[in-house]
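First comes the structure, then the notes that go with it.
The values are calculated or read from the model by the stated rules, or taken from the named source; none is laboratory data. Just so it is clear, the structure is predicted and the values come from calculations on it, not from any experiment. Positions of Cβ are backbone-derived with ideal geometry, glycine not excepted, and every protein chain shown enters the neighbour counts.
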Amino acid sequence: MLLTRLATTCLRASASSTPRALFSTTSVAEAGYKMKSHSGAKKRWRSLGSGNAFKRGKAGHSHLNVHKSAERKNKLSATAYSNHTQTVNLKKRLLPYGSN
């Protein structure tokens, strides 16, 4: 079935005045597609002023806090910062085409 479709397509392409390729030869970038920023990373991370690091809030501080100690809740309320590896990965997710 598939071979007959391919053969029919080839015959139609050769019968027309302009030959058509069976498969697309254009790349994704040439076709006009755009990479999208990771929506989960956009919601969780904020860029610092220099743009070379990111910060986020810690999870687990919004509810079910009765059984948690005061020290634990204070640690959960602190801001977390990205390390070098996370910063590299976040720049790829949040800025897929680079910062410039």
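Among the residues of the stretch 28-76, those identified as in a loop (DSSP other than H, G, I, E, B), closer than 21 Å to Arg93 by Cα and of a type in the set (Ser, Thr, Tyr) are Tyr33, Ser37, Ser50. Checking each residue in the stretch 31-72 for being charged (D, E, K, R) and in contact with a Phe, Trp or Tyr (Cβ under 7 Å, 6 or more places away or on another chain) picks out Arg46, Lys55, Arg56.
For residues that are at pLDDT 85 or above, farther than 13 Å from Ser82 by Cα and not hydroxyl-bearing (Ser, Thr, Tyr), scanning just the stretch 30-55, find the one that is farthest from the chain's Cα centre (by Cα). Only one residue fits best here, namely Gly49. Of the candidates Arg72, Arg56, Arg93, the single residue that is more than 28 Å from Tyr33 (Cα to Cα), surrounded by 14 or more Cβ atoms within 10 Å (Cβ to Cβ) and basic (Lys, Arg) is Arg56. Can Val88 be described as of a type in the set (Val, Ile, Thr), assigned to a loop (DSSP other than H, G, I, E, B) and out of contact with any strand residue (DSSP E or B) (no Cβ under 7 Å at 6 or more places or on another chain)? Taking the combined requirement at face value, the residue does not satisfy it.
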